[in-house]
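Notes follow the structure.
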Amino acid sequence: MSVSNLADERQLRQSGAHTAARETDRAALTASLLREKELLSEMSVLSLQQDLMAQEFDHRLGNSLQMIVSLLSLQSLAAPTPEAADQLTIAAGRVAAFGRVHRRLHFLDRQKNVEFKQYLRTLCVDIADLLLQKGAGRAVVVEGAEITLPTALGIPLGFLVAEAITNSVKYATGDIIVRIQAAAPTVLLSISDNGPGLPADFDPMKQKGLGMKLIQSLTKQIGGTLKFESGDGDRGTRLTVSFTAEPKA
């Protein structure tokens with residue numbers, strides 16, 4: 001066999017080897033793509049199942065909260081003393097307010113950030129409809145800065161505002177003002193009323209009521225600080241929570 005024929009044969013063998021390698025690579029790539037497609041399909045099914053489970057859980061939780069409100073309201077009618085009835089009514093209102101906050105959380109699902117002022121406005125409309133008597137001439141007013149907050153901060157702050165408004169409805173008679181002030185990176189969130197104000201020796205750390213404990217716990221959760229003082233014109237009470245616009249690590 002001539003040198004030329006040997007070279008041609010070698011080239012044919014190399015070409016065949018290259019073709020076989022390409023076919024092998026193509027088959028491996030096709031198999032990999034099929035596996036990726038199957039994994040994506042499985043992940044999609046799992047995600048859908050998780051969403052359905054979350055919706056079912058939220059639905060059951062909402063129903064359970066409503067049932068608790070109804071039971072507390074019925075129990076208040078059979079309470080042995082006016083004081084006990086009053087406490088049961090307050091408890092029913094608190095659970096109902098938390099139920100409204102929980103319902104609003106659906107709008108934050110899968111959202112990293114929330115337009116906080118708009119979120120509070122919608123939430124406060126819900127709470128006012130629940131707690132304020134129609135035609136009483138009272139309102140919950142949200143004012144101040146338009147800011148965007150991480151949802152991880154917005155959710156506990158929503159619960160905190162609901163609890164503070166519940167307390168103000170109990171003790172005050174006029175409008176309740178929710179105000180947002182921002183001076184990056186610090187945000188001030190205050191809830192003011194025109195109630196009787198606080199005793200001169202008031203110390204929030206010594207309060208034993210459930211509402212105060214909830215407010216303190218939620219403030220701690222976001223790494224904030226809590227301050228109580230007189231409202232505008234030295235009337236009523238102003239609760240102010242200061243925090244940074246990033247969630248606590």
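Among the residues of the range 209-220, is any more than 16 Å from I165 (Cα to Cα), within 24 Å of the chain's Cα centre (by Cα), in a helix (DSSP H, G or I) and touching a residue at least 40 places away in the same chain (Cβ under 8 Å)?
No, every residue in the range 209-220 fails to be more than 16 Å from I165 (Cα to Cα), within 24 Å of the chain's Cα centre (by Cα), in a helix (DSSP H, G or I) and touching a residue at least 40 places away in the same chain (Cβ under 8 Å).
Answer yes if at least one residue in the range 189-197 is of a type in the set (D, E), outside the structural domain of V101 (by TED's automatic domain parsing), crowded, with 22+ Cβ neighbours inside 10 Å and not in a helix (DSSP H, G or I), and no otherwise.
Scanning the range 189-197 turns up at least one residue that is of a type in the set (D, E), outside the structural domain of V101 (by TED's automatic domain parsing), crowded, with 22+ Cβ neighbours inside 10 Å and not in a helix (DSSP H, G or I).
Of everything in the range 116-133, what is surrounded by 14 or more Cβ atoms within 10 Å (Cβ to Cβ), out of contact with any Lys or Arg (no Cβ under 7 Å at 6 or more places or on another chain) and farther than 13 Å from L157 by Cβ? Give them in sequence order.
Passing the criteria: R121, V125, A128, L131.
Listed residues A172, A200; which is among the aliphatic types (A, V, I, L, M) and free of Cβ contacts under 8 Å to residues at least 12 places away in the same chain?
Selected residue: A200, the only one of A172, A200 that is among the aliphatic types (A, V, I, L, M) and free of Cβ contacts under 8 Å to residues at least 12 places away in the same chain.
Here is a list of conditions, (1) of a type outside the set (A, V, I, L, M, F, W, C); (2) under 23 Å from the mean Cα position of the chain (by Cα); (3) buried (at least 16 other Cβ atoms within 10 Å of the Cβ), and P185 meets all of them except one; can you say which number that is?
(3)
Can you find even one residue in the range 141-157 that is among the β-branched types (V, I, T), surrounded by 17 or more Cβ atoms within 10 Å (Cβ to Cβ) and under 25 Å from E83 (Cα atoms)?
no
Return the only residue of Q118, Q133, Q87, Q181 being farther than 19 Å from G211 by Cβ, of a type in the set (S, T, N, Q) and either assigned to a helix (DSSP H, G or I) or touching a helix residue (DSSP H, G or I) at 6+ places or on another chain (Cβ under 8 Å) (or both).
From the options Q118, Q133, Q87, Q181, the qualifying one is Q118.
The values are calculated or read from the model by the stated rules, or taken from the named source; none is laboratory data. A quick note: this is a predicted structure, and the numbers were derived from the prediction, not measured. Note: ideal-geometry Cβ built from the backbone for every residue, glycine included; neighbour counts use all protein chains shown.
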